[in-house]
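Written out below as structure tokens is the structure these notes cover.
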Amino acid sequence: MVALDKTASVINAAGTIVIKIGSSILVDDDSHRVNAAWLAGIADDIAALRADGKNVVVVSSGAIALGSHVLGLGGQTLALEEKQAAAAAGQVVLAHAWSVALAAQKLGTAQILLSPDDTETRRRHLNARATMSTLLSLGAVPVVNENDTVATAEIRFGDNDRLAARVAAMISADLLILLSDVDGLYSSNPRKDTCATHIAEVTTLSDSIMKMAGTANAAYASGGMVTKLEAARIAMSAGCSMVICDGRIERPVAALAGGGRHTVFRPEDSPLTARKRWIGGALTPKGTLQIDSGAEAALRKGRSLLPAGVVAARGKFERGDLIAVENEAGQIIANGLSAYSLADTQIILGHKSREIERLLGYRGRDELVHADDLVMLENSN
Ligand code: GLU
């Protein structure tokens, strides 16, 4: 019963959940087609989470496996360009299958293809984060995959475990569920070692935990435990919990919520604290915004910085860059990510947010620095 309560509480407490689904679960080994019955089950799971008021993002593999069949490439080992061609053909089939399955639950589907630059470069990171949150607020389910058709080996995430963790970090998700072909982490490879014991909970990725995954070349590791632990590191440092559980069953999330066997990785911080730490510990600010006393008072209450409260902007920054916020006395009181470039900031500063569209010719964010992207500095009181 303890296990049931604990698992249910990880899911219950989560406002935003990322679910990662591997090719081996989604694509039928024999027919090389989408396993429609399984997909209908997970769509049911997603609808239940949505009905509970949760945001759900799916990271789905399967493009290459599906596309190889569509293009008649068969089971041979594929060259890079063949894999990319397969991904291009298969992504269409994959996105269609998701949109049909989710439509049966009256949910909209939105396809998002990402490259590492989209999560690593701040400007693109902010864009991808904003798009994702807009889709979620409109009730759609974003279905994410790597942009395999253009990425070459050096600029790939390479596997969807890490991609899913980056996505979870980017959107400040509370929980990442990796639906896998194993029900969690074991002290050693359970397929080889009958004495391997299941690890129910991990709070620190110590050396001894990392060793449990084996080396990247070991058989167990090719099942993906090494990349799963790397995903756990990314998720945990973003304040996101991660669960590894068996996804091969029907309605795997319902089974998990009902106490199904899994490993949970629990971070110390919440996603918001971790994001703020990331911003607070970020590199040198690229510019400075000087604000008036009204804006300073608002910031100290945890509000966002609006253009109306900014009196001057200097430096050289683009949208998404780190900037310092200075009060009237010239004291640096906060760091944050700017939603506008220096050039655009100079045009909109001192103005009401509703004037932004007229001044810039496009409708950007109301906030110059959103509260979630702003960290008050200690000793600034
Ligand atoms: N992006 C690949 C695909 O959709 C899968 C990569 C992975 O599963 O790790 O086929």
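We did not get these values from a lab; they are worked out from the coordinates using the rules stated. The structure presented is a predicted model; accordingly, all values stated were derived computationally and were not measured. Positions of Cβ are generated from backbone atoms using ideal geometry, with glycine treated the same way; all protein chains shown enter the neighbour counts.
General remarks:
- Any hit, segment 48-66, residues being farther than 24 Å from Arg129 by Cα and either without any contact (Cβ under 8 Å) to a residue 60 or more places away in the chain or more than 25 Å from the chain's Cα centre (by Cα) (or both): yes
For (1) in a helix (DSSP H, G or I); (2) surrounded by fewer than 24 Cβ atoms within 10 Å (Cβ to Cβ), each residue gets a yes or a no:
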site	(1), (2)
Ala165	yes, no
Ala173	no, no
Ile177	no, no
Asp183	no, yes
Ser188	no, yes
Arg191	no, yes
Thr194	no, yes
Thr204	no, yes
Met210	yes, yes
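- Which numbered condition Leu126 misses (of (1) within 16 Å of the ligand (Cβ to nearest atom); (2) closer than 30 Å to Ala238 by Cα; (3) in a helix (DSSP H, G or I)): (1)
- Condition met for Ala48 (part of a helix (DSSP H, G or I), more than 16 Å from the ligand (Cβ to nearest atom) and in contact with a helix residue (DSSP H, G or I) (Cβ under 8 Å, 6 or more places away or on another chain)): yes
- Among the residues of segment 76-118, just one is touching a Pro at 6+ places or on another chain (Cβ under 9 Å), within 15 Å of the ligand (Cβ to nearest atom) and not aliphatic (A, V, I, L, M), namely Gln111.
- Across segment 137-163, the number of residues qualifying as of a type in the set (Asp, Glu), surrounded by fewer than 20 Cβ atoms within 10 Å (Cβ to Cβ) and under 16 Å from the mean Cα position of the chain (by Cα) comes to 1.
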